[in-house]
Amino acid sequence: MRLLFVGNADNPLLVDLALELKRLRPGLVIDILSERSSRHPRAQQAFDSIRSPEGGGWMRTTRGVKFFWSILRYRSLLSDVPGDYDAVHVFYLSAIWGALSDALASKGRRLVVSLFGSDVYRASGFLKPLQSRLLKRAEKITASNQDTLDAALRTYSFAEDSCAIVRFGLRPLEHIERLRALGDRSIHKHAMAIPEDRVVIAAGYNASPHQHHAEIIDALGALPSDLRARLFVVVPMTMGGTPEYKAGVRAMLEGKGLEHRVFADLLTDEDVARLRLATDIMIQVQPTDQLAGAMQEHLFAGSVVITGSWLPYGVLREAGVRFWTVNDRSELTTAVKACIQELSTRQTISLGNAAPIGALSSWSHTAPQWSALYD
């Protein structure tokens, strides 16, 4: 069998999915048309070939111009892609892929589209008709939860019987489970060069402005001085974001006098697991989300998670997963203060999240469901 992935070869979820599919289907070939070349250490093992646009200079970074430049470059790349794939699988409902939907569909016997959540919730303007084109060409459309599928069905016109709920597995869960046995949270703080006596707070999980780092940092800076002095803020910024944005986040942390560490370079799976285990409190307050893998990893590791009540996490609640919510980001200071004051109790409660998260998102459970999409 031959598959063509269309997405980001840097994304650890796609790398892990490819490796799991190859485990289930010996001899499987997976090529990828990627937004960029991959820095992931296992990308070469996961993908038989990686095609990505090169060059572009200012055209690649200028708003508006970037869209049309990307279409032209991807169209050129697609012209060199063979047309004998058993399936073409598009990850993320991009208007660029919508503009190229006919060309993509011509490369395989079936077209599969996987929604990521933000691609649906942030859809706007003239992009919607292009996104709709892609969905109408798809034989199967997947998302990690029913809320995202329902939102897509309300926004676009496509057949409901083409939908399926399929979740990415989370490789770090395996490492978290193994490393958890080595000892308590202080061991993992030490391994990640984090002071062992501090309350570690993870501010978001990537470098996108949608993580609302400024509001999180402002909320932490507004804590009473005795609580603020106990904090160590970790900011994962290995994915997304511009150098200017990352520098701005660092400046905000320094301006508030918060001891911190920004993770800008890709982490190994083991270091990702250690960072989750080292974290006392994780804050995740994006405007939209599907079912963030990083947040699930924190829940599995026993971190106390604060997130937005507006996010579609019904599947987690139904599974018995415990987390705390705010109705607005202005409530973050109060929420964090309560978490610090009740940290021991809430951490004990959060340890019970490992079993339901493992059942929802282990690759042993999810990989066969992905594989079945191509039969």
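Only the coordinates and a few stated rules stand behind these numbers; no lab work does. Remember, it's a predicted structure, so these values are computed and weren't measured experimentally. Quick reminder, even Gly has a Cβ in these numbers, built from the backbone with ideal geometry, and neighbours come from all protein chains shown.
Worth pointing out:
- Each part gets one Cα centre, and for region 50-90 versus region 287-304 those centres are 31 Å apart.
- Taken over region 205-245, the percentage of Cα pairs per 10 Å bin, counting from 0 up to the bin with the maximum distance, is 26, 48, 23, 3.
- Kirkwood Rh (inverse of mean 1/r, distinct Cα pairs), region 172-361, angstrom: 16.4 Å
- When each of the peptides 150-161, 17-28 is scored by how many other beta carbons lie within 10 Å of its residues on average, the order from highest to lowest is 17-28, 150-161.
- With the highest mean first, a sort of the peptides 55-68, 248-261 on other beta-carbon atoms found within 10 angstrom per residue produces 248-261, 55-68.
- Shape call, the chain: gyration tensor on alpha carbons, a/c limit 1.5: prolate
- Region 176-210-region 211-245 distance, computed between alpha-carbon centres (Å): 15 Å
- For LEU311, the amide hydrogen comes within under 5 Å of no other amide hydrogen, counting only partners 5 or more places away or on other chains and with H modelled in the peptide plane.
- Sites listed here are chymotrypsin sites (Phe, Trp or Tyr not before Pro) in region 277-375 whose DSSP assignment is loop and whose Cβ has at most 16 other Cβ atoms within 10 Å: TRP310.
- The three principal axes of the Cα atoms in region 202-314 give end-to-end lengths of 34, 29, 27 Å, sorted in falling order.
- If you run the Gaussian network model on the chain, springs between alpha carbon atoms under 10 Å, then out of SER52, SER94, SER124 the most flexible one is SER124.
- The chain - charge dipole about Cα centre, Lys and Arg +1 at Cβ, Asp and Glu -1, debye rounded to 20: 560 debye
- The alpha carbons of region 293-367 give a radius of gyration and a Dmax of 12.8, 40 Å, in that order.
- Among 39-47, 266-274, 172-180, sorting by the average number of other beta carbon atoms lying within 10 angstrom of each residue, highest first, gives 172-180, 266-274, 39-47.
- Largest GNM mean-square fluctuation across PRO12, PRO243, PRO356, computed for the chain with C-alpha springs under 10 Å, falls on PRO243.
- The chain: calculated mean residue ellipticity at 222 nm from DSSP helix runs of at least 4, using -39500 (n - 2.57): -12500 deg cm²/dmol
- Applying a threshold of 28 Å to the alpha-carbon distances of LYS107/LYS246; LYS189/LYS246; LYS22/LYS246; LYS66/LYS128 flags LYS107/LYS246; LYS22/LYS246 as lying beyond it.
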